[in-house]
Amino acid sequence: MITDYIGNTPMVRIMSYDKNELFVKLEGNNVFGSAKDRAALYVLTNLLNRKVITKEDTIIESSSGNMGIALAAVGKQMGLKIKIVIDQSISKINKSLIKSFGAELIEATEADSNGSYLKSRLKIVQDYLAIHEHVYWFNQYGNDLVREAYRETLGKEILRNVPDVEYIFVAVSSGGTIGGIAEAAKSYREDIKVIAVDVEGSKLYEPSTKSIKHFTGIGSSVESHNFKSADIDDHIIVSEIESIKGLDELLQNEQIFLGESSGCVYMGAKKYLDVHNIKGAKCVFVSHDRGERYFEMIQNLKELYHLH
Ligand SMILES: Cc1ncc(COP(=O)(O)O)c(C=O)c1O
């Protein structure tokens with residue numbers, strides 16, 4: 001089965017930067033295209049095995065893209081009914097992929113005062129749960145199983161790939177990925193530093209920011225349970241312009257074509273090493289997915305920011 005091939009993604013040594021060694025974990029090599037494949041497979045398998053859900057149940061989730069695709073694909077393979085709550089910011093390709101895997105889409109149309117749809121997507125989920133039975137909310141923002149999934153899969157894999165890693169850089173949104181990686185890292189060696197990378201315009205570390213965020217996947221307008229539970233040592237913020245330049249750098253220097261949040265976390269790692277004058281360290285950054293899903297968006301942003 002295709003889901004047997006989720007995980008065991010490449011860990012590539014990309015370069016030395018100011019005497020630091022930099023490795024990238026290429027999560028876009030997962031079979032449905034992102035790190036979220038791991039959480040979908042791990043959590044749904046766990047729930048079915050423990051009979052918390054059965055094949056008669058519907059799984060609902062709010063997602064801007066990768067989690068929706070992963071749940072739709074993994075759920076289809078497991079014979080589960082999947083409903084994904086999306087909003088207008090979703091790309092055409094993500095929308096049609098989710099549909100093609102047979103999931104049902106519900107579209108949130110009301111933006112909040114920040115222009116974000118997250119709160120209205122979550123309200124749709126709550127309203128649905130209130131009137132329907134046999135529905136399970138996957139809830140990547142608050143489900144402890146999501147952190148457990150990343151601890152047991154991605155976290156342990158990073159430590160097997162680079163056992164003497166000193167810094168791990170991870171993009172944040174719901175906080176599930178970084179939370180699980182931090183749990184694995186801290187129980188392996190307490191001195192491993194786990195650094196969150198966020199994009200300008202996200203409210204996780206700068207709640208009163210007025211910057212506009214165009215990137216999807218990374219950043220959030222609300223601090224979730226999984227984010228608050230994550231044992232994060234420090235953070236760094238990167239602008240969209242810097243992130244796009246990072247994507248070009250990776251393409252030109254390493255021939256690796258990644259998505260928006262990966263450009264952000266790559267530049268975040270370099271910036272953090274500079275700001276803290278760190279030299280000779282072994283560093284891993286996690287790339288959540290690949291570049292194809294964002295191609296059009298990045299071209300539009302290059303025009304907006306005059307980056308041609
Ligand atoms: C491309 C991308 N990067 C980063 C993240 C952040 O991961 P998390 O929500 O686990 O914090 C996501 C989450 O959807 C994502 O899709």
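Just need a number here: residues in segment 79-129 that are under 18 Å from residue 31 (Cβ atoms), at pLDDT 95 or above and open to solvent by less than 40 Å² (accessible area, probe 1.4 Å).
Here the count works out to 4.
Need pairs with beta-carbon distance below 6 Å; first residue in the same structural domain as residue 111 (by TED's automatic domain parsing) and within segment 198-226, second more than 10 Å from the ligand (Cβ to nearest atom) and in a loop (DSSP other than H, G, I, E, B); sequence gap 6+ or separate chains.
none
Can you pull out the residues in segment 125-182 that are out of contact with any Gly (no Cβ under 7 Å at 6 or more places or on another chain), in a strand (DSSP E or B) and either within 12 Å of the ligand (Cβ to nearest atom) or under 26 Å from residue 21 (Cα atoms) (or both)?
Across segment 125-182, the qualifying residues are 167, 168, 170, 171.
Can you tell me which of (1) within 16 Å of the ligand (Cβ to nearest atom); (2) open to solvent by 40 Å² or more (accessible area, probe 1.4 Å) is the one residue 204 doesn't meet?
Only one criterion in (1) within 16 Å of the ligand (Cβ to nearest atom); (2) open to solvent by 40 Å² or more (accessible area, probe 1.4 Å) is unmet by residue 204, namely (2).
Per-residue answers, yes or no, for (1) open to solvent by 30 Å² or more (accessible area, probe 1.4 Å); (2) farther than 16 Å from residue 290 by Cβ; (3) not in a loop (DSSP other than H, G, I, E, B):
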| site | (1), (2), (3) |
| --- | --- |
| 3 | no, yes, yes |
| 8 | yes, yes, no |
| 12 | yes, no, yes |
| 15 | yes, yes, yes |
| 21 | yes, yes, yes |
| 28 | no, no, yes |
| 39 | no, yes, yes |
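So, of the residues in segment 207-233 that are open to solvent by 70 Å² or more (accessible area, probe 1.4 Å) and farther than 19 Å from residue 141 by Cα, which turns out to be nearest to the ligand (Cβ to nearest atom)?
Looking only at segment 207-233, we keep the residues that are open to solvent by 70 Å² or more (accessible area, probe 1.4 Å), and these are 207-208, 210, 212, 223, 225, 228, 231.
Pick out the ones that are also farther than 19 Å from residue 141 by Cα and you get 208, 210, 212.
Working: 208: 21, 210: 23, 212: 18 Å.
Ranking the candidates gives 212 first.
The values are calculated or read from the model by the stated rules, or taken from the named source; none is laboratory data. A quick note: this is a predicted structure, and the numbers were derived from the prediction, not measured. Here the Cβ is made from the backbone with ideal geometry for all residues, glycine too, and neighbour counts use every protein chain on show. Calculation scope for accessible area: heavy atoms of the full protein, side chains included, ligands and nucleic acids excluded. Shrake-Rupley method; radii C 1.70, N 1.55, O 1.52, S 1.80 Å.
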